[in-house]
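The values are calculated or read from the model by the stated rules, or taken from the named source; none is laboratory data. Everything quoted here is computed from the prediction, not taken from an experiment. Using ideal geometry, Cβ is built from the backbone for each residue, glycine included, and neighbour counts are taken over all protein chains shown.
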Amino acid sequence: MELLESRVERNVDRILGLLYNHSIHATFFWLGWAAERHKGLVRKCQNAGHEIASHGYGHVLAYEVNADVFRRDITRAKTILEDITGEPVRGFRAPGFGITKKATWAFDVIKESGYQYDSSVFPASRGHGGMSDSLLGPYFIETASGHLLEIPTSVVEVFGRRVGLFGGGYLRLVNKPMIKWGIDKLQAAGQPLIVYVHPREIDLNHPRLPLTLLRQFKCYVNLKSTLPKLKWLCKNYSFSTMLEMVENYVRSFYLKSRTIPVVRLRGSQAASEPSPPLEGRTDFTSRQAFRSRLLLVEKAMANFLSPSVLRSHKTVQD
């Protein structure tokens, strides 16, 4: 990789300019490897009001390594980004959406490494990564270190099959009417729209790698459409950083005295189990156990809210 021309700075600058023109703040999931080489660019993103989050250090796919290797990679990235920005890094997205049902241990590692929210789940089948039975909206994952808030990538159902329309090759392949249809479906279901793009995807002339025909198709198809679609999205929809979206989502549930769904992980299997409403469910071993778990979820939700929000909520309830 060191032998290839770096085009990161010019492409990120173009994205920064687009976001500035539309008064949009976004989340930049930085690879630690790239951040080390472009510290000024990381700070430029930060100074423009964008959230700096982690994409790991060396683009390690969770399902290809063990927990120790994954832990070293994501803690190294977090340390590098925090040293550059002087601020805590709260969000993580696994490279390649590489957390599968065989690697759900990764959620424990992410939480114990100090991240508060995760956006690594692609809730559909794909070439690598993907958890096709995931919940489609935000939910908590119970880990040994506490609750980790998961924000899965946005997908919609087309003829009974979950598909992505809003990022990477998916965004490049589909047309604007199809994207708008998908956004309407998300809004009707009360699910957030998450759009993601790599800087190289707005660069028609970036260096090509000697990939298989299938990988060439996935990486390079329809690059010319990416920037026009991003401009259209920025013009017609409202966006925020991932952290702001997370806080607003949790706030809406907290202030309405509702709980967010919880997923319990059992071994290598992820079992979806929505947390109960405040009036309670009776299928726990005891009401005391139920209440203890519910309080943990409420505490996890409160971690994302400012003291002023919590005080106003207490005043209303009193």
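Which one of these is touching a Lys or Arg at 6+ places or on another chain (Cβ under 6 Å), on the phi < 0 side of the Ramachandran plot, in contact (Cβ under 8 Å) with a residue 12 or more places away in the chain and surrounded by 15 or more Cβ atoms within 10 Å (Cβ to Cβ): S120, S134, S154?
Only one candidate passes the filter, namely S120.
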- Item | Options V60, V65, V109, V89; residue that is farther than 22 Å from S154 by Cβ and free of Cβ contacts under 8 Å to residues at least 24 places away in the same chain | V65
- Condition broken by L149, with the remaining ones in (1) of a type outside the set (D, E, K, R); (2) assigned to a loop (DSSP other than H, G, I, E, B); (3) under 20 Å from I74 (Cβ atoms) satisfied: (2)
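Quick grid of which residues meet (1) modelled with pLDDT under 95; (2) over 25 Å from R264 (Cα atoms); (3) in contact with a strand residue (DSSP E or B) (Cβ under 7 Å, 6 or more places away or on another chain):
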residue	(1), (2), (3)
K39	no, yes, no
Y63	yes, no, no
L81	no, yes, yes
P95	yes, no, no
- If L165 satisfies every condition in (1) surrounded by fewer than 19 Cβ atoms within 10 Å (Cβ to Cβ); (2) not in a strand (DSSP E or B) but one, which is the exception? (1)
- Task: State the number of residues belonging to segment 208-222 that are modelled with pLDDT of 70 or more and either part of a loop (DSSP other than H, G, I, E, B) or touching a strand residue (DSSP E or B) at 6+ places or on another chain (Cβ under 9 Å) (or both).
- Result: 5
- Considering residues that are within 18 Å of Y117 (Cβ to Cβ) and touching a residue at least 60 places away in the same chain (Cβ under 8 Å), the number found within segment 29-54 is 5
- Residues (β-branched (V, I, T) and in a helix (DSSP H, G or I)) located in segment 106-129: V109, I110
- Query: Does segment 34-54 contain at least one residue that is over 26 Å from E244 (Cβ atoms) and not charged (D, E, K, R)?
  - Reply: no
- Check S275 against each of (1) modelled with pLDDT under 70; (2) assigned to a helix (DSSP H, G or I); (3) among the polar types (S, T, N, Q) and name the one condition it does not meet. (2)
